[in-house]
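Below is one structure, written out as structure tokens, with a few remarks after it.
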Amino acid sequence: MKTTISCLILILTLSFASCTSSQPVTSGYKSYNNRIYDTNKHIKEINLGMSKQDVITIMGENYEVLYAKNATVVLGYRSYDYYVHGVYKLVFVDGKLTEWEKEWLIKNKDQ
């Protein structure tokens, strides 16, 4: 079962990564690219046990649902460190943050 969930998350993560755009999408005063840089800053403000809404308030609305089944929901937030793209996967069980990890997606200096 855990292998199936891991495979599903990996597939969804790769699909998530393939949707990147070279053109920034603006929302309010910040561009989409600036929000990706902010992800690395905001992740330091979250703690295990926080509610899903509290995490969204800190991290922002620019997430994708990577997985949802029964009481488990995994949200994905893109990040960017120099020439390396990644996604933070935040796991919520019964509406509370139980774990998170950063998965590296692209390691291409030319992008």
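The values are calculated or read from the model by the stated rules, or taken from the named source; none is laboratory data. A quick note: this is a predicted structure, and the numbers were derived from the prediction, not measured. With ideal geometry, Cβ positions are generated from the backbone for all residues, glycine too; neighbour counts draw on all protein chains shown.
Can you confirm whether region 47-61 contains a residue that is surrounded by 12 or more Cβ atoms within 10 Å (Cβ to Cβ) and modelled with pLDDT under 90? Within region 47-61 (the criterion being surrounded by 12 or more Cβ atoms within 10 Å (Cβ to Cβ) and modelled with pLDDT under 90), the answer is no, since none of the residues qualifies. Here Val74 fits the description: modelled with pLDDT of 90 or more, surrounded by 13 or more Cβ atoms within 10 Å (Cβ to Cβ) and within 16 Å of Lys102 (Cβ to Cβ). Among the candidates Tyr88, Tyr83, the residue that is under 11 Å from the mean Cα position of the chain (by Cα) and either within 14 Å of Ile46 (Cβ to Cβ) or at pLDDT below 90 (or both) is uniquely Tyr88.
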